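Everything on this sheet refers to the single structure shown next.
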Amino acid sequence: MNAPASTVVRGACPHDCPDTCALLTTVENGRATKVQGNPAHALTDGVLCTKVARYTERTYHPERVLTPLKRSGPKGAGQFTPITWDEALGEIASRLQAIAARDPQAILPYSYAGTMGLVQGESISARFFHRLGASLLDRTICASAGAEALTQTLGNKVGMRVEHFAESKLIVIWGSNSIGSNLHFWRLAQEAKRRGAKLVCIDPRQSETADKCHEHIALLPGTDAALALALMHELIVHGWLDQDYIDRYTLGWDALRERALQWPPERAAQVCGVSASQIRSLARDWGSTKPAAIRLNYGMQRVRGGGNAVRAIACLPALTGAWRHRAGGLLMSNSGHFPVRRAALQRPDLLGERRPRTVNMSTIGDDLLREASPEFGPKIEALIVYNSNPVAVAPHSGRVVQGFQREDLFTVVLEHFLTDTADHADIVLPATTQLEHWDIHTSYGHTDVLLNRPAIAPVGQACTNTEIFRQLAARMGFDEPCFAESDEQLCRSAIGDAQDFEVLLEHGFASLPLPDAPFAEGGFPTPSGRCEFFSQRLADQGLDGLPDHLPNHEAIGSDARYPLAMISPPARNFLNSSFVNVQSLRDIEAEPVLEIHPQDAAARGIADGAPVAVFNDRGRYVCTARVSARARPGVVNGLGIWWRKLGLNGTNVNELTHQKLTDLGRAPSFYDCLVQVART
Ligand code: SF4
């Protein structure tokens with residue numbers, strides 16, 4: 001018997017994870033049988049996380065949406081009838097045309113990082129909405145506070161090259177459970193540890209990563225800036241500064257010095273809920289170890305003062321001259337290093353003279369419920385959702401659900417599955433997975449470009465996002481040549497001449513040509529060319545030009561009814577709301593869980609494994625208590641993000657979060673949330 005025809009196709013992981021792994025998909029007789037890490041890509045090193053190692057299970061999932069669907073029941077009930085593509089596109093085009101004739105701003109696209117690919121993310125879709133004149137979307141839900149803070153301090157979303165962490169002697173893992181959400185960085189940290197490096201984890205939760213670090217600082221959520229300022233205080237009073245680096249390559253030192261001197265460790269210890277000796281010890285380590293590096297991640301910026309906190313932390317490497325070494329400095333995001341040609345991909349010029357309003361995706365709950373007004377503009381009449389599951393992931397989901405249930409809202413969802421959001425659609429369109437389309441990827445955790453080739457034909461009647469918007473454009477009469485560009489052409493033009501596309505075709509990835517230590521001699525991409533402790537741009541907006549500690553919107557102790565702070569970090573086997581419906585992964589997670597410290601559990605008579613209600617004025621979430629020292633006293637960890645319909649009472653942790661925004665970047669403050677917990 002002949003062996004089946006087998007090929008291996010190079011690709012890239014599409015998920016919202018800093019590692020952006022290089023994939024190898026084995027295809028036998030037209031069917032993907034295995035997805036593995038590409039051993040030739042140094043960072044991936046042949047290893048994938050458990051989630052994406054199961055990508056074929058997701059692609060061939062029995063519940064995959066394989067045809068267009070039209071709603072046949074109440075909104076949210078998930079009742080649909082299959083229809084043809086012709087019927088689906090015809091209805092969408094005629095509904096959008098009717099709304100656009102009144103005011104195209106009543107149409108809102110809603111998309112985020114369901115794929116990180118530049119082509120299936122925002123290319124033809126953006127061209128379509130620009131040509132239409134639809135409302136613009138402020139894509140803030142995950143990272144914009146930190147992104148704005150990095151930009152105000154370092155000049156862009158730039159930092160160390162991740163591979164050099166393997167040579168660091170001190171690694172501070174700040175606001176990240178790297179084992180769960182940055183696995184390939186963790187492998188480098190482990191290598192550094194084997195070579196004698198000290199690892200310190202800063203996180204309210206005693207995560208799996210904290211377990212394996214030498215030290216864990218379990219600060220209260222939203223107090224990171226206070227900790228960073230106290231570290232500066234200690235660097236100053238002990239003289240652990242690189243004054244030459246400060247003088248040459250920073251801006252605003254005198255003012256920052258004055259502010260930091262107001263933060264002795266005892267003051268910060270009170271605010272952060274940690275001991276002053278822990279702060280002193282970390283300051284000594286940071287001030288006396290070379291090379292020393294910080295891996296900062298996005299969890300800690302999901303609080304009112306998240307932007308200021310990132311600014312304060314991003315000042316620390318310049319104070320000690322850590323940037324002088326290639327294994328020193330800080331990495332939060334490297335996405336600013338990539339020369340992406342966004343305007344060429346997204347064509348904002350198609351707007352012409354029109355300047356549509358911008359809607360913040362983080363306040364979608366309130367905004368869907370707003371009437372027309374001079375301040376807001378027209379009521380939202382149509383919502384086109386792709387690469388996102390807002391009913392599960394947007395804050396204050398009670399409001400979000402109420403908005404999605406509006407009978408007068410026309411909702412289209414491009415999806416792989418009937419998610420909580422798709423259940424509310426009028427029309428669901430079956431989208432391709434990463435194995436079925438072209439795409440090109442940058443990364444926010446490393447500095448390589450990756451090409452994703454389609455490994456298999458689309459499953460069922462699934463269609464690429466790009467082709468769906470091409471078809472819609474044609475039906476709306478948009479005949480600009482840019483709608484005819486193929487996906488391969490889009491991949492080629494996304495980064496222009498910055499990478500040789502033939503290299504990407506042959507190897508699947510290529511590294512950016514970057515210096516080993518990008519800021520060893522300053523050269524920050526700020527207006528001053530320096531690391532800006534003081535930001536004139538922020539001062540010009542009427543904001544504090546220096547970083548400071550801002551208490552949470554919902555600070556512990558501010559409401560006696562809700563004495564516990566809740567954070568909602570991702571469950572290890574889910575990635576935001578992706579993979580929750582992959583049975584083998586859900587089996588590992590078992591059920592929605594709230595980690596609660598033994599003291600807090602005992603005070604409420606809560607036993608391990610008991611069902612509990614977590615509640616505040618916004619809602620009530622039922623889940624299972626895990627009584628564990630992974631939660632610090634006073635803080636509970638609601639691991640997310642479960643699909644509401646797969647949870648215990650049709651809700652998830654976002655039933656409790658609110659829509660108040662961060663200090664910078666207009667982002668949600670998911671981890672700035674007070675609750676009470678009780679036995680059910
Ligand atoms: S989710 Fe992250 S670790 Fe997992 S395969 Fe994708 S990029 Fe790699």
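Observations, loosely collected:
- Hz values of 3J(HN,Hα) by residue in the stretch 621-636 - Karplus curve (6.51, -1.76, 1.60), Gly and Pro given as x: 10, 9, 7, 9, 6, 10, 7, 7, 6, 5, 9, 8, x, x, 10, 10
- For the chain: lysine pairs under 17 Å (alpha-carbon distance), excluding those fewer than 8 apart on one chain: 10
- Spatial extent of the chain: Rg and Dmax, with the Cα atoms as the point set, Å: 24.6, 79
- Label-to-label distance for A498 and L369 is 4.1 nm, based on points extended 7 Å past Cα in the beta-carbon direction.
- Cut-off 13 Å between beta-carbons: net charge of the residues surrounding L674, Lys and Arg +1, Asp and Glu -1: 0
- Percent antiparallel among DSSP beta bridges (both partners in the stretch 523-654, rounded to 5): 55 percent
- Globularity ratio of the stretch 196-262, using Cα Rg and 2.2 N^0.38 Å: 1.37
- Viscosity 1.567 mPa s, temperature 4 °C, Stokes-Einstein D of the stretch 432-510 from Kirkwood C-alpha radius, µm²/s: 93 µm²/s
- HN-Hα J in Hz across the stretch 202-209 - Karplus 6.51, -1.76, 1.60, θ = phi - 60°, x for Gly and Pro: 10, 5, x, 9, 7, 6, 4, 5
- Other-chain or far-sequence residues with amide H under 5 Å of V359's (modelled H): L136, L137, D138
- Surface/4 estimate of mean projected area, convex hull on alpha-carbon atoms of the stretch 29-77, nm²: 6.0 nm²
- Spatial offset of the stretch 259-281 relative to the stretch 74-101 amounts to 57 Å, using the alpha carbon center of each.
- Of the beta bridges in the chain, as assigned by DSSP with both residues counted there, near 50 percent are antiparallel.
- P(r) weight above 22 Å for the stretch 200-306, C-alpha pairs, percent: 32 percent
- Across the stretch 49-196, Cα-Cα pairs more than 29 Å apart make up 45 percent of the total.
- Of all stretches in the chain that contain no GluC sites (Glu not before Pro) in a DSSP loop with at most 15 other Cβ atoms within 10 Å, the longest one is 64-352.
- Added length on full extension, which subtracts the Cα-Cα distance from 0.36 nm per residue, D540 to E57: 168.7 nm
- Rounded to the nearest Hz, the phi-derived 3J(HN,Hα) couplings of the stretch 102-118 under the Karplus curve 6.51 cos²θ - 1.76 cosθ + 1.60 (θ = phi - 60°) are 7, 6, x, 5, 6, 9, 10, x, 9, 8, 8, 9, x, 10, 8, x, 6, where x marks glycine and proline.
- Interatomic Cα distance distribution for the stretch 321-407, bins of 5 angstrom, percent: 3, 10, 14, 14, 13, 13, 11, 9, 6, 4, 2, 0
- Going from the fewest other Cβ atoms within 10 Å to the most, the residues Y245, Y621, Y444 appear in the order Y245, Y444, Y621.
Readers should treat all values here as calculations from the given coordinates under stated rules, not as data from a laboratory. Computed from a predicted structure; not experimentally measured. FYI the Cβ positions are ideal-geometry reconstructions off the backbone, even for glycines, and counts take in every protein chain you see.
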